[in-house]
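Structure first, commentary second.
The values are calculated or read from the model by the stated rules, or taken from the named source; none is laboratory data. Please read these numbers as outputs of a predicted model, since none were measured by experiment. Please note: Cβ atoms are built from the backbone with ideal geometry, for glycine as well, and neighbour counts cover all protein chains shown. Note: accessible area is taken over every heavy atom of the protein model, side chains too, but ligands, DNA and RNA are not part of it. Shrake-Rupley method; radii C 1.70, N 1.55, O 1.52, S 1.80 Å.
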Amino acid sequence: MGRQRVPKGQVFLKKEEKIEATVNALNANHSEDQFVEKFQELYPKDWGKIVTRYEAHERLTPGGKTHPMAHPKQYLINAYKAAMKKSPKPSA
C-alpha cells in the first residue's frame, strides 16, 4: 500500500460565485463571523467539504508537523477576504 495523500485541487466548486452570493445575502455591515454562519446555512455540503479536507490534512500530517490548510473557519474567511479584494469597489 502506498502513501496516503490529501486530494489536490479545489475544495469546492464555484467558490467565487458562492462567496459573492453569500455576501449579497447579508446586510452591508456584516462581520466575518456572520459571513461564515451564512455560508454554512446556504451551502452546508460545501462547508462539509471544507471540514473534510481539513480533517484529512490533520489525519495524514505526522505529529509535530504543519500542513498548508488553515482551520475551516479561517479558510473561509481568507477566501472571503480574497474575493473582496478582487471585486470592484462601488463608486461613491
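Structure values in brief
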quantity	calculated
Residues of segment 49-61 that turn out to be free of Cβ contacts under 8 Å to residues at least 24 places away in the same chain and open to solvent by less than 80 Å² (accessible area, probe 1.4 Å), as a count	3
Output for segment 18-35, where each listed residue is open to solvent by less than 90 Å² (accessible area, probe 1.4 Å), of a type outside the set (D, E, K, R) and out of contact with any Leu (no Cβ under 8 Å at 6 or more places or on another chain)	I19, V23, L26, H30, S31
Residue match in segment 20-28 (condition: modelled with pLDDT of 90 or more, outside any helix (DSSP H, G or I) and of a type in the set (S, T, N, Q))	no
Selection count, segment 68-89, where residues are closer than 12 Å to V51 by Cβ, open to solvent by 50 Å² or more (accessible area, probe 1.4 Å) and assigned to a loop (DSSP other than H, G, I, E, B)	1
Matching residues in segment 36-48 - criterion: being open to solvent by 40 Å² or more (accessible area, probe 1.4 Å) and of a type in the set (A, V, I, L, M)	L42
